[in-house]
1. If Lys and Arg each add +1 and Asp and Glu each add -1, what is the summed charge of the other residues whose beta carbon sits under 13 Å from the beta carbon of ASP232?
2. Could you give the nm distance between label points at THR124 and LYS277, where each point is 7 Å from its Cα heading toward the beta carbon?
3. Using a Förster distance of 51 Å, how high is the FRET efficiency between TRP240 and ALA132, based on the Cβ-Cβ distance and rounded to 0.05?
4. With charges set only on the Cβ (+1 for Lys and Arg, -1 for Asp and Glu), what does the dipole of segment 215-278 come to about its Cα centre, in debye to the nearest 20?
5. When ranked by the protection proxy of mean other Cβ atoms within 10 Å per residue, highest first, what sequence do the peptides 270-280, 225-235, 107-117, 68-78 form?
6. For segment 10-45 and segment 82-127, what is the separation of their Cα centres, given in Å?
7. By a straight-distance test (C-alpha under 27 Å), which lysines pair with LYS285 as possible cross-link partners, with residues fewer than eight away in the same chain excluded?
8. Could you calculate the contour length gain from ALA99 to ASP287, that is, 0.36 nm times the residue separation minus the distance between their Cα atoms, to one decimal place in nm?
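Computed from the coordinates by the stated procedures, all read-outs in this text should not be read as laboratory data. Keep in mind that what you see is a predicted model, and the values were worked out from it rather than measured. Here the Cβ positions follow ideal geometry from the backbone for every residue, glycine too, while neighbour counts run over all protein chains shown.
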Amino acid sequence: MQKPAHNCESCGGHFDVWSLAATHNEMGTWFVRDSRNPHFVGLSYNAMLEMIRRHEIGRDTVVRGPTTGQFWTFARRAPGLAQYFGRCVACQFPMDESAHACTACHALAGRATERNDYGLPPTTRIIKPVDARPDFAGFLEDSNVLLVRVEPAPAVAGSISSTTTATTSATTSSATSSSASAIALIAEPPRTAPPVRATARTVTPAGMSLDSTQESAVAQHRVAMIENSHIDRGRLLERWNRFLLAAAVMGFVSAVILALLYVREVDRRETETIQAKNAAKQASKRDASADTQRSAPLAPTTAPALPALREPGVGAASR
């Protein structure tokens, strides 16, 4: 339950007038099955395309909209969405999203841009056959659906339709023939959805986006505008991709050059350090050898002989 707050606890949208108006702009007749948010509002066709481009809707996402008659189906099988997953809605052949028709089966790619069109058929009276059986084709894989063929049910032995016993009574024969004709009118329901074929709504590429009162020229003009916008976006993205690629290459080359310069500078400094150490060692060796030569002992010299001392008494007597 929503508590009193300024925004929704489920989607985060605000309750002011501008946010509600923006929500109205995104609303439409397309719905996405989400068990975590089952009460989410319908989306417009443009909002669906934006979610597909943001990878929020995948090819196996269950959706419904005007082109599916509001029946749930996979996004890759929904007319108007299948081409944005790169597949044709009729034969699942690879198809570009900007193409008008499939190159294999020539099925036209429709677009449902009318926000208020639910795509519902007129109300008709339906009489359910008595022997109608459920159709499980919606739960089969693509490979199984493509292999299924609708065939008439074989007649059961002993039934009214297979009874061929001749009778002489005109009443009995007429009753039998009337019963057989009544049974023949009740056809078995198809077991698979009919293949997508070109109809009055898909004669032009934008047939699904037209109302009954609009003209095909206006629709073609709108389709041309949409295609031109897609082409412009593609060119802009291509230019940005080239710019980013060039920037990445330049950055890589600059990084390699800086790394080489750094390695060269480190080697130069290491070489200078080694040379300085070697020079210091050689200088210290030269200084040590010079000090050793200066401190060598001198050769001893003989002192001159001193005259002998005479006795004092001897000299006086002689005088």
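1. Surrounding charge for ASP232 is +1.
2. Taking the two extended label points, one gets 9.7 nm.
3. According to the calculation, E is roughly 0.35.
4. 120 debye
5. Ranked from most to least packed, the peptides come out as 107-117, 68-78, 225-235, 270-280.
6. Their Cα centres are 24 Å away from one another.
7. LYS277
8. So the chain would gain 58.6 nm between ALA99 and ASP287.
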